[in-house]
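What follows is a single structure, written as structure tokens, with notes after it.
The values are calculated or read from the model by the stated rules, or taken from the named source; none is laboratory data. Since this is a predicted model, take the numbers as computed values, not measurements. Every residue, glycine as well, gets a Cβ built from its backbone with ideal geometry; the counts of neighbours run over all protein chains shown.
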Amino acid sequence: MNSIITLDEFIIKRQKDFPYASGELTGLLRDIGIAAKIVNREVNKAGLVNILGIADQQNASGDTVQKLDIYANEKFISCLKNSGECAGISSEENEDFVSFPNVESKSSKYIVVFDPLDGSSNIDVNVSVGTIFGIYRRISDPNGPCTLEDFLQKGTEQVAAGYVLYGTSTLLVYTTGRGVNGFTLDPSIGEFCLSHRDIQIPKRGNYYAVNQGYYLKFDVEIRRLIDHYSDKNLGLRYIGSMVADIHRILFQGGIFLYPNTRKYPYGKLRLSYELNPLSFIVEQAGGKAMTCQLERIMEVELKELHQRNTIAIGSPDMVDEMKQFVERYSAVAMM
Ligand code: P6P
């Protein structure tokens with residue numbers, strides 16, 4: 001029988017790979033794992049307690065907030081605040097960043113950006129949802145509180161990123177820049193256990209993921225690309241929960257697209273706490289991630305916390321193919 005390797009054991013073992021690691025990142029990753037277990041417990045029984053449905057408020061991006069969004073946000077913030085390893089956070093659910101006031105956090109090296117429950121509008125119909133997080137070293141004066149500049153760093157500055165997928169089982173997938181590993185929560189022991197070692201994304205896949213309902217609102221180059229997928233008999237798989245779509249693509253290959261539309265002229269998805277962390281993971285697994293305007297996601301300048309960008313992410317050959325279509329058919333490219 002294979003020996004079980006828990007997330008904690010794996011993180012501690014991997015810490016030895018970082019000769020100068022002082023254990024703070026290890027502690028931070030473990031605290032995120034704890035928060036994920038707490039949120040998982042509520043997500044799994046959301047239908048049984050009065051935590052489903054819509055809270056009567058909107059978040060910074062104008063999205064309707066679900067009660068479970070608020071619960072998840074509060075849990076991640078309290079776990080990170082109490083960890084003593086995190087100097088502050090930026091969350092989809094908070095208009096501004098939060099600098100943790102206690103002395104320990106001010107001396108800590110890291111800040112965390114996260115979407116506490118992405119795809120939460122699917123909760124009420126029992127569709128998988130996810131948490132997305134990215135970890136950066138703070139660049140502001142360590143003797144003072146966090147500043148906005150800590151949270152506007154490029155995705156290339158991430159020291160770690162991951163997601164939790166609350167689905168048929170609960171998985172935590174993360175990278176610290178040395179490959180991607182997945183851990184499945186074993187409820188019988190309450191531990192995330194190594195289940196997917198060194199994930200490598202296939203070079204291409206048989207599915208594409210896009211909201212086909214917006215087809216007529218996409219620019220011509222994206223419409224031509226989608227027509228090409230149909231010509232090649234690719235299947236359409238679009239869950240409406242980005243973490244679930246990206247997780248499928250990591251294992252089966254494929255491409256996820258969220259192009260610009262009239263409603264979202266810069267794209268819908270948020271660069272800081274959705275696109276950058278997922279792009280770090282996909283690139284570490286051998287994939288690619290760029291905007292539909294052909295800029296590498298992790299190189300995009302972040303000008304404000306809730307900045308939206310377009311994205312094409314997934315198998316390297318399929319992202320390259322998207323790039324060829326944009327170069328060939330984009331009205332901008334023809335100018
Ligand atoms: P649309 C969920 O609201 C989300 O942020 C992502 O998880 C998902 O991929 C996307 O938006 C779905 O957006 O416009 O297709 O409903």
**Q.** Verdict on Gly286 being within 16 Å of the chain's Cα centre (by Cα), surrounded by fewer than 20 Cβ atoms within 10 Å (Cβ to Cβ) and not hydrophobic (A, V, I, L, M, F, W, C)
**A.** no
Q: Give the stretch 295-335 a look and list any residue that's buried (at least 16 other Cβ atoms within 10 Å of the Cβ), in a loop (DSSP other than H, G, I, E, B) and hydrophobic (A, V, I, L, M, F, W, C), or say none.
A: Val300, Leu302, Leu305
Q: Determine which single condition Gly240 fails, assuming it passes every other condition in (1) under 15 Å from the mean Cα position of the chain (by Cα); (2) surrounded by 24 or more Cβ atoms within 10 Å (Cβ to Cβ); (3) within 13 Å of the ligand (Cβ to nearest atom).
A: (2)
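Give the residues of the stretch 194-231 that are of a type in the set (Ser, Thr, Tyr) and closer than 30 Å to Ile12 by Cβ, sorted by residue number. Please lay out each step first, then the result.
First, pick out the residues of the stretch 194-231 that are of a type in the set (Ser, Thr, Tyr): 195, 207-208, 214-215, 229-230.
Within the stretch 194-231, just Ser195 meets the criteria.
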Q.
Which residue is farthest from Val125 (Cα to Cα), if the candidates are limited to the stretch 159-183 and must be surrounded by fewer than 22 Cβ atoms within 10 Å (Cβ to Cβ) and in contact with an Asp or Glu (Cβ under 8 Å, 6 or more places away or on another chain)?
A. Arg178
Q: From Val129, Val173, Val112, grab the single residue that is within 16 Å of the ligand (Cβ to nearest atom), aliphatic (A, V, I, L, M) and in contact with a Leu (Cβ under 6 Å, 6 or more places away or on another chain).
A: Val129
Q | Among the residues listed as Gly155, Gly119, Gly167, the single one being more than 16 Å from the ligand (Cβ to nearest atom) and in contact (Cβ under 8 Å) with a residue 60 or more places away in the chain | A | Gly155
Q: Using the structure shown, decide if Asp115 is over 19 Å from Tyr273 (Cα atoms) and either in a loop (DSSP other than H, G, I, E, B) or within 20 Å of the chain's Cα centre (by Cα) (or both).
A: no
**Q.** Meets criteria (buried (at least 21 other Cβ atoms within 10 Å of the Cβ), away from the ligand (no atom under 12 Å from the Cβ) and either at pLDDT below 95 or in a helix (DSSP H, G or I) (or both)) for Ile281
**A.** yes
Q) Residue check, Arg262 against (1) crowded, with 17+ Cβ neighbours inside 10 Å; (2) within 16 Å of the ligand (Cβ to nearest atom); (3) among the charged types (D, E, K, R); (4) more than 24 Å from Gly177 (Cβ to Cβ), all met but one. Which one? A) (1)
Q: Determine if the stretch 176-185 includes at least one residue that is without any contact (Cβ under 8 Å) to a residue 40 or more places away in the chain, of a type in the set (D, E, K, R) and under 17 Å from Leu29 (Cβ atoms).
A: no
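Using the structure shown, decide if Ser90 is under 24 Å from Asn40 (Cα atoms), polar (S, T, N, Q) and either in a strand (DSSP E or B) or in contact with a strand residue (DSSP E or B) (Cβ under 9 Å, 6 or more places away or on another chain) (or both).
Numbers: under 24 Å from Asn40 (Cα atoms): yes; polar (S, T, N, Q): yes; either in a strand (DSSP E or B) or in contact with a strand residue (DSSP E or B) (Cβ under 9 Å, 6 or more places away or on another chain) (or both): yes.
When the stated conditions are applied, Ser90 passes them.
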(Q) What pairs come out if I take residues in the stretch 208-233 that are more than 17 Å from Phe325 (Cα to Cα) and pair them with residues that are of a type in the set (Gly, Ala, Ser) whose C-beta lies under 9 Å away, six or more apart or interchain? (A) Asn211/Gly240
Q: Restricting attention to the stretch 198-218, report how many residues are within 16 Å of the ligand (Cβ to nearest atom) and either within 21 Å of the chain's Cα centre (by Cα) or outside any helix (DSSP H, G or I) (or both).
A: 6
Q. Does at least one position in the stretch 246-254 carry a residue that is within 16 Å of the ligand (Cβ to nearest atom), out of contact with any strand residue (DSSP E or B) (no Cβ under 7 Å at 6 or more places or on another chain) and either more than 19 Å from Lys154 (Cβ to Cβ) or among the aliphatic types (A, V, I, L, M) (or both)?
A. yes
(Q) Taking the conditions exactly as written (in contact with a helix residue (DSSP H, G or I) (Cβ under 6 Å, 6 or more places away or on another chain), outside the structural domain of Gly179 (by TED's automatic domain parsing) and modelled with pLDDT under 95), does Arg262 satisfy them or not? (A) yes
